[in-house]
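First up is the structure itself, then whatever we jot down about it.
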Amino acid sequence: MKTQLKIISGFILLLGAGFLPRLQASLPGSNFISGSHLGLKLSNVWMLNTTDTFSELGVSNQNAWAQGIHLDWQSGWAWDSVGFDASWYGASKLYANKDFAGRDLLRDNNGRAEGFNKFGQVYAKARWGDQRLHLSLWAGWKQLYKLGALSVTRSRAVPSSWQGISSELVWDKLTAKAALVDRFSERDEPEKRRFMTLKSNKRIDYIATGELSWVPEKGSKVSFITAESKNYLLRHGLEANTVVALSPKANLLARGVYYYARGLGEWEGVRAFTHSAQHWFGLVGYQFGASESGVGWSYTRARLNNGLGQFYWQFGKNTRGAFNSKADGEGNDYVKDGESMVYLYSQYRISPALQVGIYGNYGYGMKYEGVSLKEWEYGGFISWDVPQIKGLNIFSGFGPAYGWKINAKQDPLLTHDGKTYRRAKGVGGTVRVEYLFNLF
C-alpha cells in the first residue's frame, strides 16, 4: 500500500510540471519550458522460467508479474545549449511466487516481493555545434544504453541507470563517446549501489569507457570500444556490421564482434576466467521484402582454474556490460570456455504493425572434468503495435531451453559415475504490454 501511495504521489508531482510554462518568462530567449516534453509509459510484464538448473540449490520455477510506470520529462534548451531531464519509475507487484527474484521485476526484501519507486534519471545536459560537428554532454543519473562497454536493461518493468558523466562528439561520419561512472541502480530495486569485486566485496571506485565509431554509409558501422573498472577488469572490443543491397527488394546482412577481457591487479579469477577471455561472433543474413533469415556462429575461450570458465561481460557486482553477440541467448549464455555456438533465426513482418519470428541456439565443444557438455534452446516471438491505439505494443516470446544442473560453485553437476552430466531443462516466457503516450 505504501508503495502504491508513493507511485500515485510521484505521478501527481511530475504531472504538475504541466504548469511550468509560467516559468518561461524567467528564461528570456530560450525554450527551456515551452520546448519541454512529458511522456508516460505503462509497462505490464509477466515472466516465467521453469528450468530446474538450480534445483540442487533449492530454486524451482521462477514466476513474477509487475506493473511498471515511467514518467519521462525532457526540458527544452535554454539559450539552445543547456537543459535538464528527469525520469521517475515505479513498479507494483501483481504476482510473485517464492522464487520470483530470478526474473528481476520486483524488489527482493529478504525473500518477500515488493514494489518500489525511484528517480531513475536526473541529469543536466548541454550541447554545442551543428549537424555536421557537435558535442553533447550529460551529468547525473542516466540510462547509458550500449555506450561503449556499458549498457542498461529496458525489458523489465523498470530500466536500470548509471551515475556519472558522459559525452558524445560527432564529426561527419565519425562519432566518439565516453563515460565515467561510479554507481548503478538495478532494474529491480530503488537503491543506488557502488561497484564491488565479485569475491572480496571490495569497492571499485569507477568504471571508464570509450567508443570510436565510423559510419561510411547508411547501414554500415565499425566501432572500437574499451573500458576499465578501476584496477579490476579491462575490456576491449571491435564491432562491425554492413548491409549490401542485392536488388530493390533484397539485402545481404553481415555482423561481427570480437571481445577481449583481462583481469587487472585486483581481479580475483573467480566465477569467470583466471586471467583473460576472448569471444568471437559472426552472422550472415538475408532480407527479402518483409522477411529476414540468417545464421550465426560464436566461439569463446575463457580458461578458469578448477572450474568451467566463461566470458564475463560485466565489470563486477552492481554493473551491467554491453554484449552484442547472440551468444547471450534468451535462456542460456553460450560463452563457456571452448564453446562453439550455432544460431539460426527467421522473422517475417506480416504488416507494418505485426512481426513474428523464430530462433534457435545450439552450443557444443566445451568440457568439464573430461565430460563433453551441450546446451540448446529454441523459441518464437510475436510483436504487435496495435494500430487502433497509438503507442500500444504487445510482445510475447516463449521457448524451451536445455542445459545442465549446477552446484553452489556454479559448476556442472555430473552423474555419480562421472561419465556424463545431469540434464536441466525448462521453458521460459515473457508477455509484455507497453503503452506510451505524450502528456505534453
Exactly one of these conditions fails for Thr226: (1) of a type in the set (S, T, N, Q); (2) open to solvent by 40 Å² or more (accessible area, probe 1.4 Å); (3) under 30 Å from Tyr359 (Cβ atoms). Give me its number.
(3)
Count of segment 186-212 residues which are under 20 Å from the mean Cα position of the chain (by Cα) and part of a strand (DSSP E or B):
9
Does segment 237-293 hold any residues that are open to solvent by less than 70 Å² (accessible area, probe 1.4 Å), closer than 23 Å to Phe195 by Cα and either assigned to a loop (DSSP other than H, G, I, E, B) or touching a helix residue (DSSP H, G or I) at 6+ places or on another chain (Cβ under 6 Å) (or both), and which are they?
Leu264, Gly265, Trp267, Glu268, Gly269, Val270, Ala272, Phe273, Thr274
How about segment 320-359: which of its residues are open to solvent by less than 40 Å² (accessible area, probe 1.4 Å), in a strand (DSSP E or B) and among the small types (Gly, Ala, Ser)?
Gly321, Ser340, Gly357
If we scan segment 92-99, do we find a residue that is under 28 Å from Gly210 (Cβ atoms) and under 23 Å from the mean Cα position of the chain (by Cα)?
no
Determine if segment 153-160 includes at least one residue that is within 26 Å of Gly58 (Cβ to Cβ), within 18 Å of the chain's Cα centre (by Cα) and surrounded by 21 or more Cβ atoms within 10 Å (Cβ to Cβ).
yes
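Per-residue answers, yes or no, for (1) surrounded by 17 or more Cβ atoms within 10 Å (Cβ to Cβ); (2) within 27 Å of Gln121 (Cβ to Cβ); (3) of a type outside the set (Lys, Arg):
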site	(1), (2), (3)
Ala176	no, yes, yes
Val181	yes, yes, yes
Glu191	no, yes, yes
Arg235	yes, yes, no
Within segment 296-304, identify whether any single residue is more than 23 Å from Phe224 (Cα to Cα) and either in contact (Cβ under 8 Å) with a residue 60 or more places away in the chain or assigned to a loop (DSSP other than H, G, I, E, B) (or both), and answer yes or no.
yes
Cβ-Cβ below 9 Å, separation at least six or inter-chain, first residue in segment 349-372 and on the phi > 0 side of the Ramachandran plot, second of a type outside the set (Lys, Arg) and not in a strand (DSSP E or B): which pairs?
Gly365/Gly338; Gly365/Glu339; Glu369/Leu308; Glu369/Asp411; Glu369/Gly418; Gly370/Gly418
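Please work out if Arg301 is over 30 Å from Asn61 (Cβ atoms) and open to solvent by 30 Å² or more (accessible area, probe 1.4 Å).
yes
Specify which of the listed residues (Leu71, Leu42) is touching a strand residue (DSSP E or B) at 6+ places or on another chain (Cβ under 8 Å) and open to solvent by 40 Å² or more (accessible area, probe 1.4 Å).
The match here is Leu42.
Conditions (1) in contact with a Ser or Thr (Cβ under 6 Å, 6 or more places away or on another chain); (2) not in a strand (DSSP E or B), marked per residue:
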site	(1), (2)
Gly365	yes, no
Glu375	no, no
Phe381	no, no
Trp384	no, no
Gln388	no, yes
Phe395	yes, no
Ala408	no, yes
Leu436	no, no
Would you confirm whether or not segment 46-53 contains a residue that is modelled with pLDDT under 90 and open to solvent by 60 Å² or more (accessible area, probe 1.4 Å)?
no
The lone condition Gly399 fails out of (1) assigned to a strand (DSSP E or B); (2) open to solvent by 40 Å² or more (accessible area, probe 1.4 Å) is (2)
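How many residues does segment 164-185 hold that are on the phi > 0 side of the Ramachandran plot and not in a loop (DSSP other than H, G, I, E, B)? Spell out the reasoning first.
Taking segment 164-185 and keeping what is on the phi > 0 side of the Ramachandran plot, we get 164, 172.
Among the residues that remain, those that are also not in a loop (DSSP other than H, G, I, E, B) are: 164.
The qualifying residues number 1.
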Where Leu94 falls short, out of the listed (1) within 29 Å of Ile225 (Cα to Cα); (2) open to solvent by 60 Å² or more (accessible area, probe 1.4 Å); (3) out of contact with any Asp or Glu (no Cβ under 9 Å at 6 or more places or on another chain):
(1)
In segment 143-152, which residue that is under 23 Å from Leu234 (Cβ atoms) and of a type outside the set (Lys, Arg) is surrounded by the most Cβ atoms within 10 Å (Cβ to Cβ)?
Ala149
Given the condition touching a Lys or Arg at 6+ places or on another chain (Cβ under 6 Å), within 30 Å of Gly429 (Cβ to Cβ) and not hydrophobic (A, V, I, L, M, F, W, C), answer yes or no: does some residue in segment 266-284 qualify?
no
Those residues of segment 127-139 which are surrounded by fewer than 19 Cβ atoms within 10 Å (Cβ to Cβ) and either within 20 Å of the chain's Cα centre (by Cα) or among the aromatic types (Phe, Trp, Tyr) (or both) amount to Trp128
Gly219 being on the phi > 0 side of the Ramachandran plot and open to solvent by less than 50 Å² (accessible area, probe 1.4 Å):
yes
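The values are calculated or read from the model by the stated rules, or taken from the named source; none is laboratory data. Note that the structure is predicted; figures quoted are calculated from it, not measured. Here the Cβ is made from the backbone with ideal geometry for all residues, glycine too, and neighbour counts use every protein chain on show. We work out accessible area using only protein heavy atoms, side chains counted, and drop any ligands, DNA or RNA first. Shrake-Rupley method; radii C 1.70, N 1.55, O 1.52, S 1.80 Å.
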